[in-house]
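Heads up, the thing below is written out as structure tokens.
The values are calculated or read from the model by the stated rules, or taken from the named source; none is laboratory data. None of the values given here were measured: they were computed from a predicted structure. A quick note on method: Cβ atoms are made from the backbone with ideal geometry, for glycine too, and the neighbour counts reach across all protein chains shown.
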Amino acid sequence: MMDVKEVLRRWSAGHSDRRIGREAGVDRKTVARYTTAATRLGFAKGRDITEDDVHAVAQVVQARPAPTASDEWSEVARHRDRIEQWLRGDAEKRPLRLTKVHTLLVRDHDLQASYDTLRRFAMTELAWRKKAPTVRVEDPPPGQEAQVDFGEMGLMLDPETGRKRRLWVLVVTLSFSRLQFVWPTFRQTTEAVCEGLDRAWQFFGAMPASIIPDNTKAMIRRPDALDARLVDAFLDYVQARGLFVDPARVRSPKDKPRVENQVPYVRESWFDGETFTSLDDARASAERWSREVAGARVHGTTRQVPAELFEAVEKPTMKPAPDAPFDVPDWIDKAKVHPDHHIQVAHALYSVPTRYLRRHVRVRADRSTVKIYFGTELIKVHPRKPPGGCSTDVHDYPAEKAAYALRDVDAILRKARDKGHHVGLYAERLLGGPLPWTRMRQAYALLGLCDKYTPGRVEAICQSALAFDLVSVPRIARKLKAAAKPVMPCAAMGKVVQLPLPRFARPTQHFETRGTSSQKEGV
């Protein structure tokens, strides 16, 4: 357009076409086309050439007739309204894919056009699949927002396992100043996220009011544009730190653009071509790079040094950084209470009251405590035990089961003394050895005899047994059984009673040694 304006400007000054072509470096025939168009439009020489004049002349010279539509294009155009309706959909029917639209047109409407022609028509005439125009979202106020994202760097040798592992980095970028922090890790877990965020706040020396994370499973349990649900452990973290979380939508990188395009920059500027001896070495290198390279450069958008802008404007508006690391808890949504009154958490056992047997409870376990919830009610708190350990509260058991479960010898002795003095002495003799729990079954059997034969009878038998130093519950049981048999009538009552033969006993004839008379005659 500048060349066209120069031609018209010289023409208006009275220069000939030959002179204009020579001095402006344009072909004389081209100059003639533009000067002829200016004359046709009624422009007079000596007038000031405006931008509108230039566009008007260029439109006349450069305009080309529209190409004639092909037969296939015209065939598709006849179905324009139908195609537009199918692609748009309505309240009752969802939009159709363009391939399905082509299938329906060929099958039901005898379309004689290829899919490529239909696709070009939809893109040109109906703006199908054309990206919507974007707008630049204004930066938030200083100290209000940090954007968080995980990015893959590549493979790195892990000296602990001797194998190459995939290295990830947690990138935290302050939206206002663009100061960022990079935290390498081998794991994308909630614990790694909380550790990386705490190190970022220590690096900044301050903490923002809110964060915008990606939809990684380490932070977001249920992605949703309006009602996203955080992982329980991560929710504990943001509540403890006083942070607000606004997760990005799924597959919407524009929700966190300040950090999204930093992952390739970190990979190319920090990771590529470097060799690290350990994960700690990589973390020290990443922190040094964040301070000396990323933080000291002139940012391409703000045209300011992020570290200087942060110190001067943003840091005074932020909250202080935490002074202690966060104890990331483990949450178990469904832990079953077994018939032995215990649940298992990280290979350790914790007791639960009887009324929750065979039900499912929620458990929150950190480094020091284990909290057990039924619904929203906190029903039990235990100290954290190492794997293989057990924390049992005797009050969780029924009263009659507690002593047995805990092998409480004193409780058994108290029950025996309640049955009788000599019963208590007998129980003391029974359980007085170096390993009393090995004879607890006999002690419970002794208490069972008191319930079966009355404590008075057991008291008498125990007194007699102690006199003879007889410490054997089975012998006590046999004596009580014998003493409980009914007394048979005898001759002292004036008559003799024939006792019945024992069962399966043989008659006396089987034991005779002399032969009978019949046997002698047979001889």
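Quick one: in region 409-432, of everything that is assigned to a loop (DSSP other than H, G, I, E, B) and in contact with a helix residue (DSSP H, G or I) (Cβ under 7 Å, 6 or more places away or on another chain), which residue is surrounded by the most Cβ atoms within 10 Å (Cβ to Cβ)? Don't jump to the end; show me each part of the working.
So the first thing to find is which residues in region 409-432 are assigned to a loop (DSSP other than H, G, I, E, B), and the list is 420, 431-432.
Imposing the further condition that a residue be in contact with a helix residue (DSSP H, G or I) (Cβ under 7 Å, 6 or more places away or on another chain) reduces the set to 420, 431.
Details: Gly420: 19, Leu431: 21.
Ranking the qualifying residues of region 409-432, first place goes to Leu431.
In region 469-489, is there at least one residue being in a loop (DSSP other than H, G, I, E, B), more than 53 Å from the chain's Cα centre (by Cα) and at pLDDT 85 or above? Give the derivation first.
Step one: list which residues in region 469-489 are in a loop (DSSP other than H, G, I, E, B), which gives 469-472, 484-489.
Now narrow it down to the ones that are more than 53 Å from the chain's Cα centre (by Cα): 469-472, 484-489.
From what is left, the residues that are at pLDDT 85 or above are 471-472.
Checked against the condition, which is being in a loop (DSSP other than H, G, I, E, B), more than 53 Å from the chain's Cα centre (by Cα) and at pLDDT 85 or above, region 469-489 yields at least one hit.
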Looking only at region 239-250, decide whether some residue is free of Cβ contacts under 8 Å to residues at least 60 places away in the same chain and part of a helix (DSSP H, G or I).
-> yes
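Is it fair to say Arg10 is of a type in the set (D, E, K, R), farther than 16 Å from Ala56 by Cα and crowded, with 17+ Cβ neighbours inside 10 Å? Please lay out each step first, then the result.
Details: of a type in the set (D, E, K, R): yes; farther than 16 Å from Ala56 by Cα: yes; crowded, with 17+ Cβ neighbours inside 10 Å: yes.
It is true that Arg10 is of a type in the set (D, E, K, R), farther than 16 Å from Ala56 by Cα and crowded, with 17+ Cβ neighbours inside 10 Å.
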Here the residues within region 292-301 that are out of contact with any Leu (no Cβ under 7 Å at 6 or more places or on another chain) and in contact (Cβ under 8 Å) with a residue 60 or more places away in the chain are Ala294, His299, Thr301
Going through (1) part of a strand (DSSP E or B); (2) surrounded by 13 or more Cβ atoms within 10 Å (Cβ to Cβ) one by one, Trp128 fails only at (1)
Scanning region 145-203 for residues that are more than 17 Å from Val266 (Cβ to Cβ) and in a strand (DSSP E or B) gives Glu145, Leu157, Asp158, Arg163, Lys164, Arg165
Exactly one of Trp201, Trp270 is surrounded by 15 or more Cβ atoms within 10 Å (Cβ to Cβ), within 26 Å of the chain's Cα centre (by Cα) and on the phi < 0 side of the Ramachandran plot, and that one is Trp201
Residue hits (region 267-303; assigned to a loop (DSSP other than H, G, I, E, B) and over 18 Å from Ala146 (Cβ atoms)) are Asp272, Gly273, Glu274, Thr275, Phe276, Thr277, Ser278, Ala296, Arg297, Val298, Gly300, Arg303
